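Trainee: Here it is: the structure, laid out below.
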Amino acid sequence: MAEDSETKKVFDAEAAASLMKELRGTYASGKTRSYEWRVAQLKNLMKIVDDHEKDILDAIRADLSKPEQESYIAEISIIKSSCTRALGELNRWMKPEKVKTSITTFPSSAEIVSEPLGVVLIIGAWNFPLLLALDPAIGAIAAGNAVVLKPSELCPATSSLIAKLVGKYLDSSCIKVVEGAVAETSALLEQKWDKIFFTGSGRVGRIVMAAAAKHLTPVALELGGKCPVVVDSDINLPVAIRRIAGGKWASNNGQACIAPDYIVTTKDFAPKLIDALKHELEAWYGKDPLESKDLAHIVNSNHFARLAKLLDDDKVSGKIIHGGQRDKANLKFAPTILLDVPEDSLVMNEEIFGPLLPILTVDKLEDSFDMITSRGKPLAAYLFTNNKKLKEKFVKTVSAGGLVINDTVLHFAEKTLPFGGVGESGMGSYHGKFSYEAFSHRKSVLYRGFAGDASARYPPYSDRKLKLLKALLSGSVVGVILALIGWS
Amino acid sequence: MAEIENLEPDLEELRESYRSGKTKEASWRKSQLKGLLTLLKEQEKDIFKALEQDLGKHYAESYRDEVGTLTKSVNLALSSLKDWMSSRKAKLPIATFPSTAEVFPEPLGLVLIISSWNFPFGLSLEPVIGAIAAGNSVVLKPSELAPASSSLLAKTIPTYLDKKAVKVIEGGAAVGEHLLRCKWDKIFFTGNPRVGRVVMTAAANHLTPVTLELGGKCPAIFDSFSSSWDKEMVIKRVLGGKFGACAGQACIAIDYILVQEGFAPTLLELLRNMTKKMFGENPRETKSMARIINKKHFLRLKNILDDPSVQSCIVHGGGVDEDNLFIEPTILMNPPLKASIMTDEIFGPLLPIITLKKIEDSIEFINSRPKALAIYVFTKNETLKRRIISETSSGSVTFNDAIIQYAADTIPFGGVGESGFGRYHGKFSYDTFTYEKAILRRSLLTEFWLRFPPWNDFKLALTKSAYSFDYFGFLLVLLGLKIYS
């Protein structure tokens, strides 16, 4: 149970070293290994979310002015379902996996045993401040590790609430929260972790991986990218529009790693698409979106300025066809649509992470696939079409962490799918069983018997031994017998 | 040796091969794997010759550890390829009907494989098999410390494989550094932890995922045994796992033995007798044991033995032949734990025996040291076996044998902690060079409008039910029969 006075002390290199020493001691004691301990922690995590739903929603609203329903759907309910799944499956996940063995190692039996990695560090992001700290933690705890959480400092209310509630409900000898910004994170990164799980930008991802390299620490990096949405003309437009708009503006006003970043559609279809989008936006947010309570704010003035700069870029002036309203003092930014911005404009060369939606038009949709793949592999890519051929080409050609046909962002909620990036969008994956595996080492165990050893394995060597070895390694039982007969 | 300035055109050609989609075709992958099989068959004699030149290996050892295991792995990849390439369907909850989901193993693109000198063919081609089966373009950088092998690989690979998609780039540290500055979609490195750190740091610049197959001090715990044991078999396995594995220069070679002090004299006697039997009077001439790779490593090992506190512990062997880079099979009894022989990975034919009061003390001994690539336990005691598995951590654990786990395809081969991360062999090789692309297909026919704004309590109540898989509650709310607030 942390004392309030401790949060006032500076968390420096010495504090990080001492924290690590303490956690290594508790981990070595074996406390986190038992099924009972893991279940107790997961149940208590569930209680945090159940008993403090209002506090959590208040904190997120204070930090991000996110509409309550968004916070509920995107953060609270996902954590609850992750806990439920982990509790239900933990027994199965913890069981060793028996595997077959071949004649090469006969007689033998083998299994793969899952064990925790040890003491792990989870660095959360600011856009889903509760989810991105606690969801990975569910995997880490289920896998039996000691955990340090570093929630994002850009959400001070949520960070502080996480620290308080984790300190109160979870076993603080094994699960700790360190709050802070660059200095504290750097101090943590100097330590030797058994795994680092990072959610955030590619720039910081590189720093995390470089720090991990000093200690040969494996990392999982959940980064971002420009998630494209390719829209065909043969679709049920109202449904598609809602899904695109929902994935964009109902996801923290576009500040989500899997939010649609830009749209690609045909020149012919664009007017219809734009029209439908405009109507939906008005239905959702009213004539003056800055007044709407259903739109999340931009997280801080730095990001606000960044987004404003994208719009003020010379190359995109005259391309803004909807929205563009902003309120700097209140960090409000309206859903904004741009049409056919140049490919070398700022807005097309960095992840937008905001409510700006460029629409690029092409003659044939397939032509856009190469352009998409040349931009670095995104975390997600979306396609709306009923054309089977187009679907298959898309799935075959486009490399992204996840692909969704005829929807956006939803794959995030499917726990049977691994969630993670590739290339610039990251490495490693989690959710469901993948979370458990992300924080486990799958140890091979081979049991050898004593009967029938081939002395062919050992020196002194000879041609006859070589024949037997060849038969053994090729897995050929007949070969082995022949070699043995030929031998004697 | 590759000219550093000329690398970029080569890499661009490899990237173009990948972009063209050629390497993703099953037919291409099969043809490459078959090419490797032919290479191994036709070049067998030359491979043996190169290994003899580089390491003084007997061809039986070369077959057992390299050519044979590679042949087995290629055959497995060929017969399993279709299965490995197929998508895996993922189950979805009812609430998402009529969606379908699958996970598709997709190649990463252009991969770099850096291999080590001790098993120059095995450690080069085993990952190449995985990379090709997974549909990638490949650059292989073999170790310059095994020049005959490196040169043979550089000569034969372009002849048997698609030279526009699989290249061998030879060279030393300078070439390695240059390669590391380029952008790869994956780097697979086998070697020591020091270079492993350099590789991962370079990879971080480009967010390139890496697999590091490193080393460590692999302990062999030797439980006392009664007469019911087949002592001869077990001792052979121990010695095979040390001196028989490239003269101990193997990441999974037994580094040192832990034994209960009362049993140590018996064990030592057995080891000495069997060493003489297996390796003979002149192991260098009979090639029953490999030689040390080069002068630098020879001197490193010689210095270990020259330390007076270590030298006094030699109980067998200890002879060194600098001209021929040969060190006899050497056994030591209880060298000081602070000496480098017990703090650094030995990687040579020196076998320390450390005695403990109780064999169970081996658990604490191992846990106070960095995690090894493998732990070997020679015992029939089921409790000890269970304790080792649950109370220690290592890449793998093998009971009653050593090294042989390398030949098994159904268990992953890789380290943890200081011994590395990532794994390969069998399907794990394929997985290491792919990423799992999640694909969710939804229908545009139905919709859960409660997902979207404008928000209200009704939608919230429905969402709560759906997310907790409370379908009945969901229905009630929908029908207006459940109160929501």
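Trainee: What are the residues in segment B:140-154 that are part of a loop (DSSP other than H, G, I, E, B) and either within 13 Å of B:Lys167 (Cα to Cα) or of a type in the set (A, V, I, L, M) (or both), if any?
Mentor: Passing the criteria: B:Pro142, B:Leu145, B:Ala146.
Trainee: Does segment B:286-309 hold any residues that are in a helix (DSSP H, G or I) and within 31 Å of the chain's Cα centre (by Cα), and which are they?
Mentor: Passing the criteria: B:Thr286, B:Lys295, B:Lys296, B:His297, B:Phe298, B:Leu299, B:Arg300, B:Leu301, B:Lys302, B:Asn303, B:Ile304, B:Leu305.
Trainee: Let me ask something else about it. Somewhere in segment A:32-50, is a residue in contact with a strand residue (DSSP E or B) (Cβ under 6 Å, 6 or more places away or on another chain), crowded, with 17+ Cβ neighbours inside 10 Å and in contact (Cβ under 8 Å) with a residue 24 or more places away in the chain?
Mentor: The answer is yes, given that some residue of segment A:32-50 is in contact with a strand residue (DSSP E or B) (Cβ under 6 Å, 6 or more places away or on another chain), crowded, with 17+ Cβ neighbours inside 10 Å and in contact (Cβ under 8 Å) with a residue 24 or more places away in the chain.
Trainee: How many residues are within 14 Å of B:Tyr256 (Cα to Cα), in a loop (DSSP other than H, G, I, E, B) and touching a residue at least 24 places away in the same chain (Cβ under 8 Å) when one looks only at segment B:321-342?
Mentor: Count: 4.
Trainee: Sticking with this structure for a sec: In segment B:188-208, is there at least one residue being surrounded by fewer than 21 Cβ atoms within 10 Å (Cβ to Cβ), more than 14 Å from chain A (Cβ to nearest Cβ) and within 21 Å of B:Ser150 (Cβ to Cβ)?
Mentor: Checked segment B:188-208: no residue is surrounded by fewer than 21 Cβ atoms within 10 Å (Cβ to Cβ), more than 14 Å from chain A (Cβ to nearest Cβ) and within 21 Å of B:Ser150 (Cβ to Cβ).
Trainee: Still on this structure, I have one more. In segment B:436-449, is there at least one residue being more than 9 Å from chain A (Cβ to nearest Cβ), at pLDDT 95 or above and crowded, with 19+ Cβ neighbours inside 10 Å?
Mentor: There is no residue in segment B:436-449 that is more than 9 Å from chain A (Cβ to nearest Cβ), at pLDDT 95 or above and crowded, with 19+ Cβ neighbours inside 10 Å.
Trainee: Follow-up question, since we're still on this one. Taking helices (runs of 4 or more DSSP H) that fall entirely within segment B:1-113, which contain at least 3 residues that are within 26 Å of the chain's Cα centre (by Cα) and within 30 Å of B:Ser443 (Cα to Cα)?
Mentor: The helices (runs of 4 or more DSSP H) meeting that bar are B:68-85.
Trainee: May I ask you to verify whether B:Glu106 is touching a residue at least 40 places away in the same chain (Cβ under 8 Å), closer than 30 Å to B:Phe326 by Cα, at the interface with another protein chain (Cβ under 9 Å from one of its Cβ atoms) and among the charged types (D, E, K, R)?
Mentor: No; evaluated as a whole, the condition is false for this residue.
Trainee: Follow-up. Please note which strands (runs of 3 or more DSSP E) are completely contained in segment A:366-477 and include at least 1 residues that are touching a residue at least 60 places away in the same chain (Cβ under 8 Å), of a type in the set (A, V, I, L, M, F, W, C) and closer than 28 Å to B:Lys186 by Cα.
Mentor: A:380-384, A:440-448
Trainee: Would you pick out the residues in segment A:175-215 that are surrounded by fewer than 21 Cβ atoms within 10 Å (Cβ to Cβ), free of Cβ contacts under 8 Å to residues at least 60 places away in the same chain and touching a Lys or Arg at 6+ places or on another chain (Cβ under 8 Å)?
Mentor: If the condition is that a residue be surrounded by fewer than 21 Cβ atoms within 10 Å (Cβ to Cβ), free of Cβ contacts under 8 Å to residues at least 60 places away in the same chain and touching a Lys or Arg at 6+ places or on another chain (Cβ under 8 Å), then A:Lys214, A:His215 are the ones that fit.
Trainee: Within segment A:268-287, how many residues are more than 14 Å from chain B (Cβ to nearest Cβ) and of a type outside the set (Gly, Ala, Ser)?
Mentor: Summing the residues that are more than 14 Å from chain B (Cβ to nearest Cβ) and of a type outside the set (Gly, Ala, Ser) in segment A:268-287 gives 8.
Trainee: Also, quick follow-up: The conditions are (1) touching a residue at least 40 places away in the same chain (Cβ under 8 Å); (2) under 25 Å from B:Lys164 (Cα atoms), and B:Ser124 fails exactly one of them. Which is it?
Mentor: (1)
Trainee: Please give the number of the condition B:Asp162 fails out of (1) surrounded by fewer than 22 Cβ atoms within 10 Å (Cβ to Cβ); (2) modelled with pLDDT under 95; (3) under 24 Å from B:Tyr424 (Cβ atoms).
Mentor: Against the list (1) surrounded by fewer than 22 Cβ atoms within 10 Å (Cβ to Cβ); (2) modelled with pLDDT under 95; (3) under 24 Å from B:Tyr424 (Cβ atoms), B:Asp162 comes up short only on (2).
Trainee: Could you pull out the residue among A:Ile298, A:Ile274, A:Ile337 that is surrounded by 15 or more Cβ atoms within 10 Å (Cβ to Cβ), β-branched (Val, Ile, Thr) and part of a loop (DSSP other than H, G, I, E, B)?
Mentor: Result: A:Ile298 is the single residue among A:Ile298, A:Ile274, A:Ile337 that is surrounded by 15 or more Cβ atoms within 10 Å (Cβ to Cβ), β-branched (Val, Ile, Thr) and part of a loop (DSSP other than H, G, I, E, B).
Trainee: Can you pull out the residues in segment A:425-455 that are at the interface with chain B (Cβ under 8 Å from one of its Cβ atoms) and over 13 Å from the mean Cα position of the chain (by Cα)?
Mentor: A:His441, A:Arg442, A:Lys443, A:Ser444, A:Val445, A:Leu446, A:Tyr447, A:Arg448, A:Gly449, A:Phe450, A:Asp453, A:Ser455 - these are the residues of segment A:425-455 that are at the interface with chain B (Cβ under 8 Å from one of its Cβ atoms) and over 13 Å from the mean Cα position of the chain (by Cα).
Trainee: Could you identify the single residue in A:Ser114, A:Ser82, A:Ser152, A:Ser109 that is among the polar types (S, T, N, Q), touching a helix residue (DSSP H, G or I) at 6+ places or on another chain (Cβ under 8 Å) and surrounded by fewer than 21 Cβ atoms within 10 Å (Cβ to Cβ)?
Mentor: Exactly one residue qualifies, and that residue is A:Ser114.
Trainee: For segment A:131-189, how many residues are hydroxyl-bearing (Ser, Thr, Tyr) and more than 20 Å from the chain's Cα centre (by Cα)?
Mentor: 5
The values are calculated or read from the model by the stated rules, or taken from the named source; none is laboratory data. These figures come from a predicted structure and were not determined experimentally. Ideal geometry is used to build each Cβ from the backbone, glycine not excepted, and the neighbour counts take in all protein chains shown.
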